Amino acid sequence: MSKVKTVFYCQSCGAQSPKWVGKCNQCGQWNTLVEEIISTPKTNAWTDKNKPTNKPVLLQDVADNNTQRTTLPDAELSRVLGGGLVAGSITLLSGEPGIGKSTILLQLALQLKGTVLYVSGEESEQQIKLRAHRIGIENKACYILSETDVDLIFQQAQTLKPHLVILDSIQTLFTGKIESAPGSVSQIRSCAAELMRYAKETDTPVMIIGHITKDGSIAGPKVLEHMVDTVLHFEGDRNHVYRILRAQKNRFGSTAELGIYEMLSNGLRQVSNPSEILLTQRNEQYSGISIACTMEGMRPILIEIQALVSSAVYGMPQRSATGFDLRRLGMLLAVLEKRCGFKLGAKDVFLNIAGGIKVEDPAMDLAVICAVLSSNDDMPLPTKVCFAGEVGLSGEIRPVSRIEQRIKEAEKLGFSRFFFSKYQMKISGLQKNTQIELVPVAKVDEVFAQMFG
Ligand code: TYD
Ligand code: MG
């Protein structure tokens, strides 16, 4: 095999250097040199030598090869992927350490019908076996490989011909073609490039686990994100049992979908009715609590919002929000102050979204405002009331998307009143035969008048 030539490039000015140096000789920047391959031997273990070279074809002549999707036993994962795993696709699953990345993919490997190769560079075979015991699913076609050299992994994959390859994790893999340590940018990039070639040429879906660094970027400065077909992010508060799987990029589907899981002692359980778990079941009503009907992807979710407003003891009033955009909270408070005359300028405001979930739907605004005002006046909101509306800068309640679906979900969960934008009434022509009482409102102050009348 011919020797691979590598050279070090400065990422700041592009200067070349045959060796790694801490400071670029050209521009004087520190730590900017990255190793790159400049010539690769043409033969890879998996390359078919008789493969014809590609020629340009007219788009209209390209055969309509409906993307082959394998529906996964894990319905939540299937939906987030856009309806199943596409043959020859590369999926990156990122998340913080300990969130459950290895668990979800091992669970998938055990549930899937067909041969799966689970490569782990992090855990030994015994450790994986222990985890599989914990999950408690029997599977006779799940192969475990404890290996970190991609070339050796490909050799094994070639003989095994699995239906799915899982790699845990990209940061532990290395290729002998590059000298830098596993986990370095150039190693991650060239390993991912080889995995991509493997996936495309053998039509095998590949799933890669990638760790996230403290600042939230996937280690190896996002190099992976644009190379792969799908980027999934597994998130959640480690102290809460709920985990959320989001698609950040998906070449085969929408990125609006989301999957919710619950971490149990025997693996991850899919949560198919999120509203029921996110609403606290209680009888007495406290002030500062309201229920918002939000949409996550195609699915309506009812979420409890808690607010606490108290006089600021120290000079500067505090505003703090968990699971909600702090700047948006600031804006809503300003609207209340300026347009509705509530004096919140000298108050501390704390906002919390129950369940450790982060939501970015503007339809939460109305519920947030109601929670804040309820806590400010120390008046509990009536039970069984739920809100969906965006609040504009002049205090008007604006329409939100998919109102029918939201109303249906609220109705299903036994709510009796639903507050929404008056302007929506005209647009959507809502059907009147609903059990739930629909309350259209145009202004923030109207909401309170309606409620306490
Ligand atoms: P893990 O999949 O190892 O996380 P990652 O690969 O993202 O680093 O899972 C980590 C946590 O999950 C660990 O703290 C233990 C917990 N866990 C359970 O609660 N139940 C289980 O059945 C399993 C397998 C793990
Ligand atoms: Mg792991």
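Can you find, within the range 153-171, the residue that is surrounded by the fewest Cβ atoms within 10 Å (Cβ to Cβ) among those that are out of contact with any strand residue (DSSP E or B) (no Cβ under 8 Å at 6 or more places or on another chain) and closer than 25 Å to THR103 by Cα?
The residue in question is LYS161.
Quick check on this structure: which one of VAL150, VAL119 is assigned by TED's automatic domain parsing to the domain that holds ALA192, surrounded by 15 or more Cβ atoms within 10 Å (Cβ to Cβ) and within 16 Å of ligand 2 (Cβ to nearest atom)? Show your work before the answer.
Numbers: VAL150 fails: within 16 Å of ligand 2 (Cβ to nearest atom).
Just one listed residue meets the conditions, VAL119.
Do you know which residues across the range 280-298 are surrounded by fewer than 19 Cβ atoms within 10 Å (Cβ to Cβ) and either among the acidic types (Asp, Glu) or modelled with pLDDT under 85 (or both)?
Scanning the range 280-298 gives THR280, GLN281, ARG282, ASN283, GLU284, GLN285, GLY297, MET298.
For (1) under 15 Å from THR230 (Cα atoms); (2) within 16 Å of ligand 1 (Cβ to nearest atom); (3) among the charged types (D, E, K, R), each residue gets a yes or a no:
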| position | (1), (2), (3) |
| --- | --- |
| ILE166 | yes, yes, no |
| THR172 | no, yes, no |
| LYS177 | no, no, yes |
| VAL185 | no, no, no |
| ILE188 | no, no, no |
| THR202 | no, no, no |
| ILE212 | no, yes, no |
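Please go through the range 63-99 and give me each residue that is closer than 16 Å to LEU258 by Cβ, among the hydrophobic types (A, V, I, L, M, F, W, C) and within 16 Å of ligand 1 (Cβ to nearest atom), ordered by number.
Result: LEU77, LEU93, ILE99.
How many of the residues in the range 208-232 are surrounded by fewer than 21 Cβ atoms within 10 Å (Cβ to Cβ), modelled with pLDDT of 80 or more and away from ligand 2 (no atom under 15 Å from the Cβ)?
Final tally of qualifying residues: 4.
Taking the condition more than 16 Å from the chain's Cα centre (by Cα), surrounded by fewer than 22 Cβ atoms within 10 Å (Cβ to Cβ), β-branched (Val, Ile, Thr) and in a loop (DSSP other than H, G, I, E, B), does THR67 pass?
So THR67 fits the description; yes.
Of the residues VAL80, VAL57, which single one is assigned by TED's automatic domain parsing to the domain that holds LEU152 and either modelled with pLDDT of 80 or more or under 26 Å from LYS200 (Cβ atoms) (or both)?
When all the criteria are applied, what remains is VAL80.
Just one of the numbered conditions (1) surrounded by fewer than 19 Cβ atoms within 10 Å (Cβ to Cβ); (2) in the same structural domain as LEU381 (by TED's automatic domain parsing) is not true of MET263; which one?
(2)
The values are calculated or read from the model by the stated rules, or taken from the named source; none is laboratory data. On a predicted model such as this, the values are computed, not experimentally measured, just so you know. Heads up, the Cβs are rebuilt from the backbone with ideal geometry, glycines too, and the neighbour counts pull from every protein chain shown.
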